[in-house]
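One structure is given below, encoded as structure tokens.
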Amino acid sequence: MASTSVPPGARAGGPPARSYSGWVTGLALFAGVVMLVTGLLNVFQGIVAVARDDLIVTTPRYVFRFDVTAWGWTHIVLGILVAVIGAFVLRGIAWARYAGMGLAALSTIANFLWLPYYPVWSGVLITLDILVIWALALYHED
């Protein structure tokens with residue numbers, strides 16, 4: 001007699017259901033931790049720009065020219081938001097993943113505009129923000 005039970009990981013009458021391994025959940029954890037760290041580092045970077053804007057070296061002929069002190073406040077606010085949403089991502093809140101992708105995109109743009117002031121640091125943060133977007137976009141709840 002043939003068995004009519006459906007094997008694990010398969011749906012009756014269709015392709016096998018997607019099963020996510022632990023590394024996908026690990027990527028969401030990675031994204032939350034990276035968001036906390038980069039958020040706090042952006043806050044510290046913003047504090048330096050506000051408190052000691054003479055430490056920030058500017059290039060004279062860059063297309064995007066900003067007041068360093070105002071830009072420091074931008075980094076402080078954005079950093080706080082990224083860190084707070086990163087904490088919500090770590091708690092597993094579904095909306096936080098979408099907010100995290102949006103804030104990581106804003107952080108990518110902000111760090112692109114910050115390139116002439118801290119080129120290597122901005123490049124590192126852009127890379128981390130893109131990894132955060134990828135990790136959060138990959139995770140799906142079943």
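Bear in mind that the values in this text are calculations on the coordinates, not laboratory data. Every value quoted in this text rests on a predicted model; they were computed, and no experiment measured them. Cβ placement follows ideal geometry from the backbone for every residue including glycine, while neighbour counts extend to all protein chains displayed.
Please compute the modelled spin-label separation between Val120 and Trp73, points set 7 Å along Cα→Cβ, answer in nm with one decimal.
Taking the two extended label points, one gets 3.1 nm.
With the contact rule set at Cα under 8 Å and sequence spacing of 6 or more, what percent relative contact order holds for the range 74-142?
Details: 49 pairs, mean separation 21.1, N = 69.
With pairs under 8 Å counted, the relative contact order is 31 percent.
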